[in-house]
1. Report the gain in length on full extension from Lys436 to Asn424: 0.36 nm times residue separation, minus Cα-Cα distance, nm rounded to one decimal.
2. In nm, give the distance between the simple-model label positions of Met146 and Arg127, each being 7 Å from the Cα along the Cα-to-Cβ direction.
3. Over 19 Å between C-alpha atoms is what I'm after, so list which of Lys160/Lys390; Lys132/Lys160; Lys132/Lys243; Lys44/Lys160 land there.
4. As a footprinting exposure proxy, order Phe12, Phe281, Phe240 by other Cβ within 10 Å, with the fewest listed first.
5. State the volume of the convex hull built on the alpha-carbon positions of the stretch 1-85, expressed per residue in Å³ and rounded to an integer.
6. Candidates (i) 30.2, 93; (ii) 24.8, 81; (iii) 27.3, 92; which is the computed Rg and Dmax of the Cα atoms in Å?
7. Give, in nm to one decimal, the length gained when the segment between Asn55 and Lys353 is fully stretched (0.36 nm per residue of separation minus the Cα-Cα distance).
8. Taking 0.36 nm per intervening residue step and subtracting the Cα-Cα distance, what contour gain separates Lys238 from Lys14 on full extension?
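Nothing in this text is a laboratory measurement; each read-out follows from the coordinates by a stated rule. On a predicted model such as this, the values are computed, not experimentally measured, just so you know. Cβ placement follows ideal geometry from the backbone for every residue including glycine, while neighbour counts extend to all protein chains displayed.
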Amino acid sequence: MARELNVSKDNFSKWYDEVMHYADIIDDRYPIKGVGAWKPYGYKSLKLMIQRMENLLDATDHNESYFPLFVPASVFEKESDFLKGFQGEALRVTKIGRRTLDEELIVRPTSETAMYPMFSLWTRSWRDLPLKIYQTVPVFRWETKMTKPLLRVREITKFKEAHTVHATKSESDKQIQEAVKVYKEFFDDMLIPYIMLRVPDWDVFAGAEYNYDFFTIMPDGKAIELASVINLGQKMAKAFDIKYIASDEKEKHAWQTCYGISERTLGSTLAIHGDDTGLIFPSTLAPFQVVIVPIGTDKKVLAKAESIKNNLTGIRVHIDNTRKRPGEKFYNWEARGVPIRIEIGPRDLAKKKVTIARRDNGNKTTIAESRTSKYVSELLNQIDKSIYSKSRRTFRKQIHDAKTIAQAKKILETTGGIVRLPWNGNNKKGQEMEKKLVGQALGYERDKKHLYFARTY
């Protein structure tokens with residue numbers, strides 16, 4: 001970390017790759033393309049993100065479980081539309097040592113086909129419903145596009161996927177609304193601006209009734225999908241024989257939903273909030289919310305740093321007592337995006353004061369050491385509000401209205417962002433519009449009066 005990050009965020013692609021490595025998030029030099037080794041600092045942040053999502057699911061009566069990594073090919077291929085959606089990306093195990101397997105095994109690209117054969121054994125009666133299960137596991141998709149750390153990878157390290165089973169369509173629709181509410185709260189907690197759209201019929205998740213996607217806009221003007229909330233209808237239930245005995249004693253197929261997020265959310269959040277100096281962590285995701293930098297090696301200064309840390313209860317604090325120069329330490333932690341830095345030296349100790357620096361705007365304030373705990377708690381909230389407000393203003397400016405295909409095309413090719421075009425709700429017309437543009441049709445809002453387009457990851 002001795003050198004500075006010598007790339008402007010204006011050169012976003014290079015900046016992003018550099019900062020992920022430079023700030024100790026992930027090292028993508030692993031000898032398989034699209035697979036990275038998480039550094040401890042980055043992995044702490046990833047765990048904080050997943051923990052927040054899991055807490056929200058636990059609070060809405062979801063139950064965590066675990067299902068196998070491997071799926072027999074005959075099971076994976078049971079639903080033809082699902083197969084079409086994933087077979088090009090699925091990894092297949094054909095041999096154990098030198099011995100060819102009697103049946104190929106699929107390494108899960110997602111877990112429908114691992115879970116649903118078991119669901120068919122678990123849902124015998126209406127009393128067993130609803131079934132609300134989630135797991136957080138690695139999944140593997142052999143991306144053929146250009147890979148990018150956290151954003152487009154072949155090994156998704158932490159794929160949080162929830163799967164539910166219901167007695168009626170109405171109940172599955174209600175579950176979709178619950179999932180949407182959970183995701184909105186989650187993305188608000190992550191301080192990431194987003195738009196939620198209903199996916200056009202021609203691009204709905206393989207075999208599903210309908211789905212909603214959450215998108216944000218990256219600094220290079222491309223949209224990126226953060227999450228999908230999917231009503232699977234009964235197609236998968238029929239393929240995997242997921243039935244139940246209703247209260248009228250009749251056997252019926254169940255209705256299903258699923259929804260998931262991954263480390264792509266973390267990558268998007270860091271990309272949006274960062275600057276030329278490096279990362280800017282929201283307090284919710286920061287591995288350390290505060291770093292204390294003692295100036296010099298005086299034992300009394302080091303003891304005071306420990307005392308301040310102990311008084312900052314409920315806050316993640318790190319003391320940097322390495323032998324690096326103060327300026328090097330300051331830049332190191334600024335690049336890593338720690339929201340607050342506390343500096344204390346012999347003079348501060350004598351005056352019973354500390355200096356506090358904000359990462360988001362660089363402002364420094366000297367306060368009485370006795371005020372530190374309350375001041376830091378309030379400042380973390382202020383910083384979060386500030387970076388969220390800034391990102392939302394930028395996001396709103398990146399959503400454009402166009403009246404014609406030509407106008408929309410020009411915006412996408414020059415300015416980027418998301419373009420909203422008038423639409424009559426006709427699928428054929430929507431597909432024709434998409435073919436004429438350089439971007440993808442993301443979806444529409446409830447009124448179906450506009451279709452949204454963007455270049456995407």
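1. Length difference between fully extended and current span is 2.7 nm.
2. 5.8 nm
3. Lys160/Lys390
4. With the fewest neighbours first, Phe12, Phe281, Phe240 line up as Phe12, Phe240, Phe281.
5. 207 Å³
6. Recomputing Rg and Dmax of the Cα atoms in Å here gives the entry labelled (ii).
7. Fully extending the segment from Asn55 to Lys353 adds 103.5 nm.
8. Using 0.36 nm per residue and subtracting the Cα-Cα distance, I get 75.9 nm.
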